[in-house]
Number of protein chains: 2
Amino acid sequence: MYRTHTCGELNIQNVDENVKLSGWVQKSRDLGGMTFIDLRDRYGLTQLVFNMEKNEELCREARKLGREFVIQAEGTVAERSNKNPKMPTGEIEILVTSLKVLNASEHPPFTIEKDTDGGDELRMKYRYLDLRRVDVRKNLELRHRMSIEIRNYLSDEKFIEVETPVLIKSTPEGARDFVVPSRMNPGQFYALPQSPQTFKQLLMVAGFDRYFQIVKCFRDEDLRADRQPEFTQIDCEMSFVGRDDVLDAFEGLSNHLFKAIKDVEITEKYPKMPYSEALDRFGNDKPDTRFGMEINDIKELTAGKGFNVFDSAEYVRGICVEGCAEYSRKQLDELTDFVRKPQIGAKGLVYVKYNEAGSFKSSVDKFYTPDDLQKWADAMGAKPGDLMLVLAGETALTRKALSELRLEMGRRLELMDPDVFKPLWVVDFPLLEWDEETSRFHAMHHPFTRPYEEDLELFKSDPGKVRAMAYDLVINGVEIGGGSIRIHNEELQQQMFDNLGFTREEASRQFGFLMGAFRYGAPPHGGIAFGFDRWVALFAGLDSIRDTIAFPKNNAGRDVMIDTPSTISAEQLEELFLAVKSPTK
Amino acid sequence: MYRTHTCGELNIQNVDENVKLSGWVQKSRDLGGMTFIDLRDRYGLTQLVFNMEKNEELCREARKLGREFVIQAEGTVAERSNKNPKMPTGEIEILVTSLKVLNASEHPPFTIEKDTDGGDELRMKYRYLDLRRVDVRKNLELRHRMSIEIRNYLSDEKFIEVETPVLIKSTPEGARDFVVPSRMNPGQFYALPQSPQTFKQLLMVAGFDRYFQIVKCFRDEDLRADRQPEFTQIDCEMSFVGRDDVLDAFEGLSNHLFKAIKDVEITEKYPKMPYSEALDRFGNDKPDTRFGMEINDIKELTAGKGFNVFDSAEYVRGICVEGCAEYSRKQLDELTDFVRKPQIGAKGLVYVKYNEAGSFKSSVDKFYTPDDLQKWADAMGAKPGDLMLVLAGETALTRKALSELRLEMGRRLELMDPDVFKPLWVVDFPLLEWDEETSRFHAMHHPFTRPYEEDLELFKSDPGKVRAMAYDLVINGVEIGGGSIRIHNEELQQQMFDNLGFTREEASRQFGFLMGAFRYGAPPHGGIAFGFDRWVALFAGLDSIRDTIAFPKNNAGRDVMIDTPSTISAEQLEELFLAVKSPTK
């Protein structure tokens, strides 16, 4: 037996007990007559004591132990004279009577402490050491607790977890698939699922009524920050539901998680904000509603005063930053630099200071009178002491830039309290979105999303205006999940494929099985999928999903710890009937 | 709103309530004045009633509904005159006042009933219809309940579920990997995991102490009956444990599942049977111990009597089949045919009838006297009325054939009660097994299995005799899981790779990250992995794992419903820097 207790459970009740502990040497202090060692395991730290007078030999052995040695120590629990109230085991220590080294350790490449001296690359290479750090482990413990809570909640709500296949069929729609050559079917490939979308719909056709799965999904995308080639979804689907049935069901899940994990009670219904309103008021479709500073349209008020930048712009809108009229030249320059960054892309920034005294000072005083600016202030709800920031230009780009500026101001003014959670549903997304590159409409969500009945006639006249029964769950500016009511009727599904420019043959080859299924009594159904990694990151207070994942890949899709991807043998390629071509060809 | 209730919940308490139900038409009966429809959903069946007198139009509409139509019906709950006590809803029916067809259905290709008329192939092609059959759905509901019980039990026992990566590194050891070409790393490949073995060991090095995961694993094998290219494991690992700590922990899990799912209380400790004993007594390493009929060695007793078949055989052993001395010529011929089947491979069968009167009648009376046969009977514990069956030949093959014969007799005599469960641990597997093809030793389990310390010296003299700290959980002749205590020491791991014929370079390239990890304080650890599909099949009383899987592949690794694997586009191949070679080349 390696231990009688873990390193996190002994306390004053255990004094005088003989115990055995195993764990890692966190640190050791040699005070001459005494040597103290903090022994660590997943459950905590316990102080071991070695005494030169009592047992010189043992004490000398203890002094030789390096950091991260794995040891086993037997001894008696004693009350500490110098208690540490911050540690659960801080009232006791172990007077060690025997010691065994279970495994030695080389000096680790970085310190295994809260604030480590290891850089990103080094920590990824030795991920198994990085995972020893309490903060990293806590994220994975949180992830585990969330998955247990999700599963039990959904199971109690009669959802059945069904495993859908990982080796499926490649469909060129959407992002790129990872493919898997089939040795038994030469020249043919499986694909890894980007989501179990069609399978969960088939489960509804099969009468499963309520399905969920916490499941790995795969996308072969050029990795931007915070994307992983494999990620985890909480995938859900329900039958005989309208939109609000789905939203109510998953508001229940979300509220349960907030209560069980964060001890946050959310009692109000989540607001439902149409996509168009979200863009209007916040400049994006995942608004952070922890603070206001909403976007105001002043295009009309700015027109015809000789300021060509505004006159020629589609979009002239601004935000009112409360109490910042005193911003310095330097601060305003910083903001201008911010909006001009390539990833933001605005050309410049117009500011108007509404001074405490009631006067205005702006970067466009040449063109606008105080009366003009007063009208802006009225439109933006600005009062003396506030700062107005205005951007102008082409709608989509400028709107996005203004949204980024709003978030930047929220950060600067600390309006984004990490302990406040503001969930909402963004609804009524457009069904289709125009793709410049291919000059055609694509499904914004996926081709199985149901359009509103009353919008169907717009298909011919103004396809971009057709609204979908689609929805996203947004919390604090993060898109946590999205879904839709699906098409369950073969004709409408066929019409969708037609509208998306699929030939009948393509549609049938790729999705014939689903349309076939619709012929045999498909119920109305809809669902949602949540980004599990992102939800964990939100609850853990992390900006990136990377530390919610035990063994993440880097931005080149590589696992630097195990060094993969890597070449495979000629025999393997031969068996798969494949040849690798030179990339330079 | 599509429904106020499901089809499984209305009863006599609900009489006179106005309700709305949605579901599938299971069947309809037209009795002239009345039409009855059984409406089905996942939760049950409810009888709908339409009355020609009360509402002729509605009744005529109802008569038009075909099987598997999806409908919505509103009406009043009424007490049935003709109650059906077998159905939870059998005391009531719905007097329908309005009816809506939500989706029509073509005539399904096979009947959606317990006993369907659909063949295997057809049911796989229309799997979404097959899944509507109650028995198939029940298997998946069982699977869900088992997964919930497993997760909650292990979580309560402080195991953390950690998701390990799916895109990992190809290692030629063991079965064939499925590989995934990397577009971002031309000419390089990921592999899909055959198990998360090395990752769970790294989690132990990381101090996670207790890990589990219910996880998809992949093996590119030529599919035999009841193998799937993707299958699900309950993968577990623990730190600071010896063998019996692991066995105790998972006996706990197993007992919990028996109680929670099958309402079977197992109070005795599971027997631990060494591998060599299992082979000796039962002829294989996964003995079905629901019945005796053990194997007895009679080599010595048969020698030197002029029967060359026995004299020249390594292995002469038999089983005693109780009370079957009366077997007819035809029955004995059937058994001879059975052992001669190519998959069994014995050359012939010797029988000895120990007649009720005390005389013997055997197929070898020419060579053996009644006294000789009496000695056999004594050795086998046979008594008058019993039948002795003896096989002889080369050890491994004959042992396997005798084991199959024993199981066949168990089936014929109905000794394998499906409601009796006899779990046991098979322990002390050989570390290495000789591979004729490559003329070298392979790891029987995997190269990370720890050998018994006292056997280490056999490595040089008799490697096949080295015992591993490995174990299997066997229930009713089915191997439900297997695991081992692992090597946690770099030198021993290196020695293992040396013994297995890895060059230092190969070992380092493939498993360098693990041996590296062992340098930084690896704790003693061990674990187990259970075949989840098989465990579900055992509890469901299924012979095959296929119906524990929602969307299984066929024996050629194909999903005939979605028609995959399939060809991919030239653009996809181009992007991956791959060319498909002709298989005939």
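The values are calculated or read from the model by the stated rules, or taken from the named source; none is laboratory data. Fair warning: this is a prediction, and the values are worked out from it, not measured in the lab. As a convention, Cβ positions derive from the backbone with ideal geometry for all residues, glycine included, and neighbour counts pool all protein chains shown. For accessibility, only protein heavy atoms count, side chains too; no ligands or nucleic acids. Shrake-Rupley method; radii C 1.70, N 1.55, O 1.52, S 1.80 Å.
Numbers below:
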quantity: Cβ pairs under 7 Å, 6+ apart, first in region B:43-54 and among the aliphatic types (A, V, I, L, M), second surrounded by fewer than 18 Cβ atoms within 10 Å (Cβ to Cβ) and part of a loop (DSSP other than H, G, I, E, B); calculated: B:Leu45/B:Met87; B:Met52/B:Gly33
quantity: Index of the failed condition, B:Thr111 passing every other in (1) farther than 26 Å from B:Gln228 by Cβ; (2) at the interface with chain A (Cβ under 10 Å from one of its Cβ atoms); calculated: (2)
quantity: Conditions (1) within 7 Å of chain B (Cβ to nearest Cβ); (2) modelled with pLDDT of 95 or more: number failed by A:Pro172; calculated: (2)
quantity: Residue in region A:132-144 that is at the interface with chain B (Cβ under 7 Å from one of its Cβ atoms) and either open to solvent by 20 Å² or more (accessible area, probe 1.4 Å) or under 30 Å from A:Leu573 (Cβ atoms) (or both) present; calculated: yes
quantity: Hits in region A:500-552 (condition: polar (S, T, N, Q) and under 29 Å from A:Ser239 (Cβ atoms)); calculated: A:Ser508, A:Gln510
quantity: Subset of region A:145-163 [within 8 Å of chain B (Cβ to nearest Cβ) and of a type in the set (Asp, Glu)]; calculated: A:Glu161, A:Glu163
quantity: Unique residue being in contact (Cβ under 8 Å) with a residue 60 or more places away in the chain, surrounded by fewer than 20 Cβ atoms within 10 Å (Cβ to Cβ) and not aromatic (Phe, Trp, Tyr) when the list is A:Val536, A:Val560; calculated: A:Val560
quantity: Residue match in region B:52-64 (condition: under 40 Å from the mean Cα position of the chain (by Cα) and not aromatic (Phe, Trp, Tyr)); calculated: no
quantity: In region B:119-131, the residues that are outside any loop (DSSP other than H, G, I, E, B) and either touching a residue at least 40 places away in the same chain (Cβ under 8 Å) or within 7 Å of chain A (Cβ to nearest Cβ) (or both); calculated: B:Glu121, B:Met124, B:Lys125, B:Arg127, B:Tyr128, B:Leu129
quantity: Any hit, region B:511-523, residues being away from every other protein chain (no Cβ under 12 Å) and open to solvent by 40 Å² or more (accessible area, probe 1.4 Å); calculated: no
quantity: Some residue of region A:324-343 being in contact with a Pro (Cβ under 8 Å, 6 or more places away or on another chain) and under 21 Å from A:Asp371 (Cα atoms); calculated: yes
quantity: Residue within region B:240-252 that is assigned to a strand (DSSP E or B), of a type in the set (Phe, Trp, Tyr) and under 23 Å from B:Thr449 (Cα atoms) present; calculated: no
quantity: Total residues in region B:182-222, condition of a type in the set (Lys, Arg), open to solvent by 20 Å² or more (accessible area, probe 1.4 Å) and more than 7 Å from chain A (Cβ to nearest Cβ); calculated: 2
quantity: All positions within region A:205-232 that are over 26 Å from A:Glu490 (Cα atoms) and either β-branched (Val, Ile, Thr) or in contact with a helix residue (DSSP H, G or I) (Cβ under 6 Å, 6 or more places away or on another chain) (or both); calculated: A:Ile214, A:Val215, A:Phe231, A:Thr232
quantity: Entirely in region B:1-77, the strands (runs of 3 or more DSSP E) that have 1 or more residues that are open to solvent by less than 40 Å² (accessible area, probe 1.4 Å), more than 14 Å from every other protein chain (Cβ to nearest Cβ) and touching a Lys or Arg at 6+ places or on another chain (Cβ under 6 Å); calculated: B:34-41
quantity: Helices (runs of 4 or more DSSP H) completely within region A:462-553 that count 2 or more residues being in contact with a strand residue (DSSP E or B) (Cβ under 9 Å, 6 or more places away or on another chain); calculated: A:490-499, A:532-540
quantity: Single residue of A:Glu91, A:Glu161 found to be open to solvent by 60 Å² or more (accessible area, probe 1.4 Å), farther than 26 Å from B:Met204 by Cα and either at pLDDT below 95 or touching a helix residue (DSSP H, G or I) at 6+ places or on another chain (Cβ under 9 Å) (or both); calculated: A:Glu91
quantity: Residue check for A:Glu437: more than 14 Å from chain B (Cβ to nearest Cβ), part of a loop (DSSP other than H, G, I, E, B) and free of Cβ contacts under 8 Å to residues at least 24 places away in the same chain; calculated: yes
quantity: Residue count for region B:35-85, restricted to those that are in contact with a helix residue (DSSP H, G or I) (Cβ under 8 Å, 6 or more places away or on another chain) and farther than 23 Å from A:Ala206 by Cα; calculated: 6
quantity: Qualifying residues in region B:415-440 (those that are among the β-branched types (Val, Ile, Thr) and under 18 Å from B:Glu479 (Cα atoms)) - the one surrounded by the fewest Cβ atoms within 10 Å (Cβ to Cβ); calculated: B:Val420
quantity: Test: residue in region B:461-474 that is in contact with a Pro (Cβ under 6 Å, 6 or more places away or on another chain) and within 26 Å of B:Ala206 (Cα to Cα); calculated: yes
quantity: Residue within region A:243-265 that is on the phi < 0 side of the Ramachandran plot, within 19 Å of the chain's Cα centre (by Cα) and among the small types (Gly, Ala, Ser) present; calculated: yes
quantity: Top-ranked residue of region A:481-500 - restricted to ones that are open to solvent by 10 Å² or more (accessible area, probe 1.4 Å) and either within 31 Å of the chain's Cα centre (by Cα) or under 11 Å from A:Pro447 (Cα atoms) (or both), ranked as nearest to the other protein chains (Cβ to nearest Cβ); calculated: A:His488
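The rows are residues; the columns are (1) free of Cβ contacts under 8 Å to residues at least 40 places away in the same chain; (2) over 29 Å from B:Leu257 (Cβ atoms).
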residue: B:Asp472; (1), (2): no, no
residue: B:Gln493; (1), (2): no, yes
residue: B:Glu506; (1), (2): yes, yes
residue: B:Gln510; (1), (2): no, yes
residue: B:Ala522; (1), (2): no, yes
